[in-house]
1. Go over the candidates Ala35, Ala13, Ala22 one by one and state the one that is in contact (Cβ under 8 Å) with a residue 40 or more places away in the chain and assigned to a helix (DSSP H, G or I).
2. If Arg3 satisfies all but one of (1) under 25 Å from Arg431 (Cβ atoms); (2) modelled with pLDDT of 95 or more, what's the number of the condition it fails?
3. Which residue is farthest from Gly241 (Cα to Cα), if the candidates are limited to region 379-398 and must be of a type in the set (Gly, Ala, Ser) and in contact with a helix residue (DSSP H, G or I) (Cβ under 7 Å, 6 or more places away or on another chain)?
4. With the requirement that a residue be free of Cβ contacts under 8 Å to residues at least 40 places away in the same chain and not hydrophobic (A, V, I, L, M, F, W, C), what does region 38-57 give you?
5. I need a count of the residues in region 7-50 that are closer than 28 Å to Val378 by Cα and in contact with a helix residue (DSSP H, G or I) (Cβ under 6 Å, 6 or more places away or on another chain).
6. Collect the residues in region 206-234 that are within 30 Å of the chain's Cα centre (by Cα) and open to solvent by less than 60 Å² (accessible area, probe 1.4 Å), keeping them in residue-number order.
7. Test each condition in (1) surrounded by fewer than 17 Cβ atoms within 10 Å (Cβ to Cβ); (2) touching a Leu at 6+ places or on another chain (Cβ under 7 Å) for Ser364 and report the one that comes out false.
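The values are calculated or read from the model by the stated rules, or taken from the named source; none is laboratory data. Values in this document were obtained by computation on a predicted structure and should not be read as measured data. Cβ atoms come from the backbone with ideal geometry, glycine included; neighbour counts cover every protein chain shown. In case anyone asks, the SASA skips ligands and DNA or RNA and just uses the protein heavy atoms, side chains included. Shrake-Rupley method; radii C 1.70, N 1.55, O 1.52, S 1.80 Å.
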Amino acid sequence: MKRHALAPAYLLACLLLGGASAAGFLANLALQLAALPLIGWALWRLSVGGVPRQFRAPLGLLAALVAVMLLQLVPLPPAIWTMLPGRGPVVQGYRLLDLPLPWLPLTLTPSGALSDLLWLLPAFAAFLTVTVVGAFRGRSIAAVIVGVTLVSVALGAMQVVGGRSVYFYDVTNVGVAVGFFANGNHNATLMLTCIPFLAALQATLLRASRSRRSVSALHLLVAAAYCVIAVGLVINASLAGIGLGVPVALTTWLTFGRQRPAVRRLLLAVTIAGTLATLVLIATGPFGNNLFGRQTQNVALSRQTSFALTARAASQYLPVGSGSGSFQSVYRTQEPLSSVTTTFMNHAHSDWLELLLETGLVGSVLAALFVAWWSARVRANWRVDLPDPFAQAAAIASAAILLHSIVDYPLRTAAISAMFAMCLALLAGARPYLRPSRSAASARHLTL
């Protein structure tokens with residue numbers, strides 16, 4: 001396999017095999033094992049060549065995140081961990097059993113924290129393979145995203161009409177177009193990210209086209225692909241997916257289209273207004289799972305309840321948090337007994353809230369630093385004279401994922417987290433590996 005195919009091939013594997021957060025244990029294990037040599041290769045290159053300047057900030061944030069998660073596993077003496085907020089019930093449990101207080105780590109669930117570290121391996125490998133190893137081409141990454149999305153839409157249509165046999169996971173949204181995922185919302189996230197990458201792929205292919213016939217054929221194929229994605233979002237029926245599809249499509253059109261200045265200003269205003277209206281509609285609309293209106297159905301499993309209980313738990317564990325991987329254990333202590341059934345909340349349905357609960361103020365600071373870096377890179381990519389279309393597509397796609405993460409947990413899957421990591425790598429200014437030419441190599445030995 002050529003080096004340039006390595007990152008797209010790994011992304012393809014993640015998109016096909018990493019569509020579930022809890023289910024698909026063996027598939028996720030395979031992706032994690034495959035990530036190890038990629039991470040090792042990247043670390044070796046860093047040890048030999050140092051850290052490139054443009055990657056110091058994101059790699060520093062990555063190292064800080066790993067350090068925080070590892071420190072949460074360090075055993076602490078009883079005199080320290082008993083003073084941490086929220087540890088009273090743990091102390092009471094040992095006293096009821098008449099057991100001495102042992103040394104315990106900061107996280108309430110060490111096995112969950114270790115699982116979270118392993119879960120991050122595909123995202124780490126995806127980011128390092130693109131930034132450090134340079135084993136990619138932007139066109140290949142875009143082609144993988146577009147190809148898998150179109151197949152996922154077709155698969156989702158079959159799932160809606162074909163019954164249980166078309167689904168890949170036992171724990172899934174039966175009757176919903178989930179595609180290669182276990183959760184229909186995550187399939188919607190994939191379709192959202194496909195929109196800008198399809199436009200970037202079209203822009204690069206148009207530059208290489210030399211005949212009107214090929215240009216016309218390309219326009220026709222791209223238009224057909226957009227229609228497939230639109231149909232996919234409709235049959236998927238994810239409220240966030242449909243709502244975010246409007247600003248994502250408008251932003252993509254504004255970025256890659258050729259409009260007059262007056263039209264561009266109007267389109268920019270419509271994009272901003274559409275984005276704000278979408279966020280308000282998702283938060284307050286009467287769709288049975290709104291965040292602020294009165295809830296009448298499935299109250300215990302609604303996002304309104306999940307957000308309220310998670311926020312309450314987060315306030316009890318501030319400033320250090322309850323520890324990585326502890327959401328399920330902590331959330332069960334917040335639920336009223338009358339609402340406890342065989343169905344349980346596996347995640348907060350908001351990656352941002354879950355991060356606050358598990359990592360406290362430290363995680364919030366890291367998240368704020370990440371958003372600041374991301375915003376700076378978006379501005380930098382839009383201000384250059386010749387912007388990279390795939391970096392611009394990555395900015396739009398990553399923004400869609402970040403916004404969707406407010407009301408869901410797409411980053412808890414290896415598929416979306418690996419794709420998000422590659423988006424960040426492209427946004428950071430990664431360039432494909434170029435083998436030194438013979439003339440350049442011989443020039444080093446010239447004597448003047």
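1. After ruling out the rest, the residue left standing is Ala35.
2. Condition (2) is where Arg3 drops out.
3. So the residue we want is Ala391.
4. Of everything in region 38-57, those that are free of Cβ contacts under 8 Å to residues at least 40 places away in the same chain and not hydrophobic (A, V, I, L, M, F, W, C) turn out to be Gly40, Ser47, Gly49, Gly50, Arg53, Arg56.
5. 12
6. If the condition is that a residue be within 30 Å of the chain's Cα centre (by Cα) and open to solvent by less than 60 Å² (accessible area, probe 1.4 Å), then Leu206, Leu218, Val222, Ala223, Ala224, Ala225, Val228, Ile229, Ala230, Gly232, Leu233 are the ones that fit.
7. (1)
Yes/no matrix, rows are residues, columns are (1) β-branched (Val, Ile, Thr); (2) open to solvent by 40 Å² or more (accessible area, probe 1.4 Å); (3) over 30 Å from Thr333 (Cα atoms):
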site: Lys2; (1), (2), (3): no, yes, yes
site: Cys14; (1), (2), (3): no, no, yes
site: Gln32; (1), (2), (3): no, no, yes
site: Val48; (1), (2), (3): yes, yes, yes
site: Leu101; (1), (2), (3): no, yes, no
